[in-house]
Structure formats: C-alpha cells, structure tokens
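Report on the structure given below.
The values are calculated or read from the model by the stated rules, or taken from the named source; none is laboratory data. Bear in mind the structure is a predicted one, so any value in this text is a computation, not a measurement. Just the protein is used for accessible areas: all its heavy atoms, side chains included, with ligands, DNA and RNA removed. Shrake-Rupley method; radii C 1.70, N 1.55, O 1.52, S 1.80 Å.
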Amino acid sequence: MKLSEILDVLDGFAPLSIQEDWDNAGLLYGDPGMEVAGAVVGFDCTEELVMEAVSSGANLVITHHPLIFKGIKKLLPGDPVSRALVAAIKNDVAVFAAHTNADKVMAGVSGAMGRAIGLEDMVFLEGDGTCGLGVVGNLPAAMTVDSLVPVLKKAFGCKFLKCSEKLTSPVTRVALCGGSGSSLIGAAMSSGAQVYVTGDLSYHDFYTRDGFMVIDIGHYEGEEAITEILFSVIKKNFPNFAIRIAKTKHNPVYYL
C-alpha cells in the first residue's frame with residue numbers, strides 16, 4: 001500500500017487545511033509514494049515508539065502530537081526529539097501527526113471527551129458549526145459535582161483532578177477541550193456551561209466567577225483517546241492493513 005492512500009484517508013477524517021496556523025500536523029518524515037508495510041498508532045512520537053514499529057515490521061508511525069513542532073537547530077544524543085527523529089530516519093520509518101486538525105472535528109478529541117461522559121446535543125465551543133475547538137453539551141440528567149467527579153475520573157483515567165471552588169448547585173451543562181484549553185474559558189462561560197473540563201490550566205485560571213467551575217484533568221488524559229480513533233479510521237478503510245495501537249504508552253507527567 002502506498003503511504004499516499006493512508007494520508008488521503010486521514011485527511012478525509014481531519015483535513016490538514018483546518019489545523020491551527022501555529023501547528024505542524026501532517027507528514028513530518030517520509031515519501032507519500034513509499035510502500036507501507038504496516039503502521040503503529042501512538043500519542044507522542046518517541047524513540048521507543050519508532051523502535052516498536054521497526055520491531056513489528058511497520059514503517060509508519062502515526063501520532064497525535066507532532067514530533068517536529070518548534071524549529072530544530074541541532075540533533076543531540078540526549079535530546080528526546082533528536083533521538084526519535086534519528087531513529088525514524090535511520091530505519092526509514094515515516095512519521096505523521098494529526099494534531100489540531102484532529103481536535104477540530106466532532107469525531108476527534110473534544111467530541112470523544114464529550115461522548116465519554118454521555119453529553120447530549122454537543123456543539124463546538126468555538127467554530128463555524130462544521131469544525132471548531134472544544135465542545136459543550138448537556139448531561140442526560142442534572143448531577144452534583146460530587147457525582148460528576150467519579151464520572152470524569154473513570155472516563156479519562158484520572159487518579160487526581162485539580163479544580164476551582166466546588167459548585168454547590170446542580171450541573172446540567174458541561175464544556176470540554178482536550179489538551180491545553182485555557183484560551184476557551186471565556187467561550188465555556190458564554191456557552192452556559194457550569195463546568196469546564198480541560199488541561200494545563202494555570203494558577204490564575206482557577207479564580208472563577210460564581211456559578212462556574214473549571215476542572216483540570218491533565219493534558220494526556222484529555223487527548224489519549226485519539227489513538228483509538230485514528231486506529232479505527234484506518235482499520236475501517238483498510239481492514240486487512242497491518243496496523244495496531246502502540247504498546248508504548250507514556251504520559252510524561254508523573255505524580256509523587
């Protein structure tokens with residue numbers, strides 16, 4: 001199979017044309033005309049992930065976060081990005097990332113978050129109706145914050161949550177954004193949500209107005225489901241293609 005065939009399917013799912021201006025999604029290393037023997041889907045492109053692909057006979061790695069994001073000026077032995085890039089080049093493993101383009105479709109990151117907690121009537125927090133950032137929707141029934149917290153922990157595999165002052169009133173409407181979502185706090189408030197769930201909030205973000213609450217579940221936790229989604233998109237289109245989800249799963253954030 002040609003790499004270009006897989007790239008066309010991924011672009012049909014989440015077009016690269018809708019990625020944010022600052023992003024670097026797409027094919028980061030490889031030739032669209034190359035033959036692809038197999039693929040491994042992961043979250044971050046690490047040296048371990050590239051070598052897992054090599055050991056399984058695959059020569060394509062698909063991730064959410066782009067391996068090359070900011071400008072690379074040096075390739076140094078101890079640098080994680082350098083190690084992964086060198087491993088990909090040495091072993092001729094193509095590297096592709098579906099990042100903010102996969103955030104901005106309802107079948108992607110934020111939509112998956114909403115579906116994971118059973119939201120109904122979901123719309124984008126910010127966008128044109130066909131694509132956008134974040135989602136907001138209604139819970140099937142009103143919940144207390146104490147009832148919502150275990151739902152969030154189970155849905156996103158969290159042991160701990162960071163939050164602003166706990167609401168005492170029932171929650172009926174929830175907004176979510178995968179990854180770093182502080183820029184959408186205003187949109188979440190304007191949407192009528194009582195709770196906004198995202199990651200990477202700063203200290204001052206936890207000062208919220210009455211009747212509104214933010215919950216930080218972490219960056220990895222909100223986005224990790226995209227690996228299953230990307231896998232499913234390709235498997236549906238190419239049922240006999242050798243693709244699998246990486247065994248190498250690594251959240252770089254630890255808790256002591």
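Computed quantities for the displayed model
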| quantity | calculated |
| --- | --- |
| Placed amide H near V195: partners under 5 Å, 5+ positions off or other chain | R173, A175, M213 |
| Å² of accessible area per residue within the range 1-98, as computed with a 1.4 Å probe and no ligands counted | 47 Å² |
| Carbon/sulfur fraction of accessible area - the range 125-256, other protein chains in place, 1.4 Å, % | 55 percent |
| Cα-based Rg / Dmax (Å) for the range 71-164 | 19.1, 55 |
| Anisotropy class of the range 35-112 from Cα gyration tensor, a/c 1.5 cut | oblate |
| The range 106-152: C-alpha gyration tensor shape, a/c 1.5 cut-off, then a/b vs b/c | prolate |
| Degrees separating the helix 3-13 axis from the principal Cα axis of the chain, which is the longest one | 10 degrees |
| Rounded percent of accessible protein surface that carbon and sulfur make up, the range 1-105, 1.4 Å probe | 55 percent |
| Residues of the range 127-256: accessible area per residue with a 1.4 Å probe, Å² | 53 Å² |
| Lysines with Cα under 22 Å of K2, excluding same-chain neighbours fewer than 8 positions away | K90, K235, K236 |
| Centroid-to-centroid separation of the range 213-240 and the range 48-122 [C-alpha atoms, Å] | 11 Å |
| Proximal lysines relative to K154, as straight alpha-carbon distance under 23 Å, when same-chain residues fewer than 8 apart are discounted | K162, K166, K247, K249 |
| Cα coordinate range in the range 132-192, projected on the principal axes (Å, largest first) | 28, 24, 23 |
| Prolate/oblate/rounded call for the range 112-234, Cα gyration tensor, a/c under 1.5 rounded | rounded |
| Inverse mean reciprocal Cα-Cα distance (Kirkwood Rh) of the chain, Å | 19.1 Å |
